[in-house]
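Some notes on the structure that comes next.
What follows draws every value from the coordinates through simple rules; no lab data is involved. As the structure is a prediction and not an experimental result, all values here were calculated from the model. Methodologically, a virtual Cβ is constructed for each residue, glycine included, from the backbone with ideal geometry; neighbour enumeration extends over all protein chains shown.
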Amino acid sequence: MDGAVARNSEAGNHATHLRTQLASFGADSTAAEHKPDLRKTGSHPDHWYPLARSRDLKRGKSIGAAFAGEPIALVRTGSGTVFAIEDRCAHRQVPLHQGVVKGETLQCSYHCWTYDKTGKCVNVPYLDKAKSLPNGVRGYPCREAYGLIFVYPGDPARLDSAVFPDVPSALDPNYKTRYLDREVRCHYSFMHENLMDMNHQFLHRRLMGGIRTVFLELRRGDNWVECDYTFARVAGKQPIGEKFIIGGGKKSAQGGRDLMTIRTGYPYQSLKFTPKGSDHPALDLWNVYVPVDREQRANHTYGLMMVRKPSLPGAIHLLWPFIIWFTEGIFAEDRTIVEQEQRAFDLQGADWNQEIFPIIKELRNVLIRQGVPLTSQFDRRTDGASTDSP
Ligand code: FES
Ligand SMILES: [Fe+2]
């Protein structure tokens, strides 16, 4: 069920408004005790996840990737076709990505069992031709877009209901795209919370100076949650990197205010920042946090950070080093803190968070509702792992 659940047009009413919202949502610390532990909730596999950047998979090569502990070999054939198959030879389970790309197939490096793009074993060089070929390995739907290689690791029967990500700014020449591509040692849920909870600007006080976050509106649906913020600078000067990304905050003739919209549309997350008086986002960020290991205590963050080019041709290239410097500084602070959150969880063994911010409570509900219990995900995988050689 969609619909706005809160609106506050007056920034001055922010605190009162939050108190009202807290009451209406119920600060339900007792109810939370009965909910599944978010940090033990798996990212649902029935979606498209990027597992590599296009540039890292050269023609005639194969690389190893993973989704939640499931090893996946990504292959680009000589003709440029990309495919994804289980990275575990059906014969002796060695990683297939160490093999040799031959024509449109991948040959295992050990005894040269050969697999096609669907994972079917199409040749065993030493097998009598009269004998039937052994079972192959699992093949995954695979697509390339926005400079990323996406794989669908989920239930094949539900592929048609997986919506492929739509990131129009990544194809818009008015934007320059920066790729985020890094492993962060924490559960994906910490990443979602970190970006959506703009009340953590204090963490970035050295880089961003004093910023007051003003929450405007929360909207939600079954598999998404979205919120609007605006900001006010209360101390310090605007840092130069921020100025180049989001503009100088000049007063526009028509008034209005800066608007930041952050959305988790499961399993993806986006952030758009539109300066007051502008029709277009100055910053359009699209992120996904792909679980790497079986327990999902690490994620590979892939992101497309699209910065709108200034009207002066070529100026973006001059500004780019400052933008990189600024965003790297922010990401470094965020990474440190979310990895500390994960370490605290590991020591505690359970989620002890006392969440009070309605947006994050809603976000956590979406992530739990749309996710899968980690144990059942392992069971599913064990059941499905029946592709051993005969
Ligand atoms: S282990 Fe792959 S062919 Fe033998
Ligand atoms: Fe941050």
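The slack in the chain from Leu171 to Ala315, taken as 0.36 nm per residue of separation less the alpha-carbon distance, amounts to 49.9 nm. Applying 1/(1 + (r/R0)^6) with r as the Cβ-Cβ distance of Ala232 and Asp181 and R0 = 30 angstrom yields a FRET efficiency of 0.35. Derived scalar couplings between HN and Hα for region 145-150 equal 7, 6, x, 10, 9, 9 Hz in order, rounded to whole Hz, by the Karplus curve 6.51 cos²θ - 1.76 cosθ + 1.60 (θ = phi - 60°), x for Gly and Pro. Exposure proxy shown here: for Trp352, Trp113, Trp48, the number of other Cβ atoms within 10 Å sets the order, fewest to most, as Trp352, Trp48, Trp113. A simple spin-label model places pseudo-atoms 7 Å from Cα toward Cβ; at Gln354 and Leu133 they are separated by 6.2 nm.
Given their separation in residues at 0.36 nm each and the Cα-Cα distance between them, Asn365 and Asp279 gain 27.7 nm when the chain is fully extended. Taking a ≥ b ≥ c as the square roots of the eigenvalues of the Cα gyration tensor, region 130-222 is classed as prolate, since a/c reaches at least 1.5 and a/b is larger than b/c. How much FRET efficiency would the formula 1/(1 + (r/R0)^6) give for Gln93 and Val163, where r is the Cβ-Cβ distance and R0 is 41 Å, rounded to 0.05? Efficiency, rounded to the nearest 0.05: 0.75.
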